[in-house]
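Readers should treat all values here as calculations from the given coordinates under stated rules, not as data from a laboratory. Given the structure is predicted, the values throughout are model-derived calculations rather than measurements. With ideal geometry, Cβ positions are generated from the backbone for all residues, glycine too; neighbour counts draw on all protein chains shown.
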Amino acid sequence: MDKEKVLDFVRRSNKPVKVGDIEKATGLDRNIVQKIVNQLAVEGLIELDRCYNKILGFRGDKNG
């Protein structure tokens, strides 16, 4: 599933990532990645920096 690809990439990265980085690494469409990221943020699984549209990491994790 696409959601697991996105989560796996965020887990493996040791720095904040952008939607474009996820798009290039996973080969998924940018709009699909953005929808998944928004859904994960609403679920409280990841922390977003809305100003720069970066995924900072997982909530409660040492990266986020």
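The residues of the range 5-18 that are surrounded by fewer than 19 Cβ atoms within 10 Å (Cβ to Cβ), closer than 14 Å to ARG30 by Cα and within 8 Å of the chain's Cα centre (by Cα) amount to a single one, LYS18. Scanning the range 1-58 for residues that are aliphatic (A, V, I, L, M), free of Cβ contacts under 8 Å to residues at least 12 places away in the same chain and not in a loop (DSSP other than H, G, I, E, B) returns ALA41, VAL42, LEU48.
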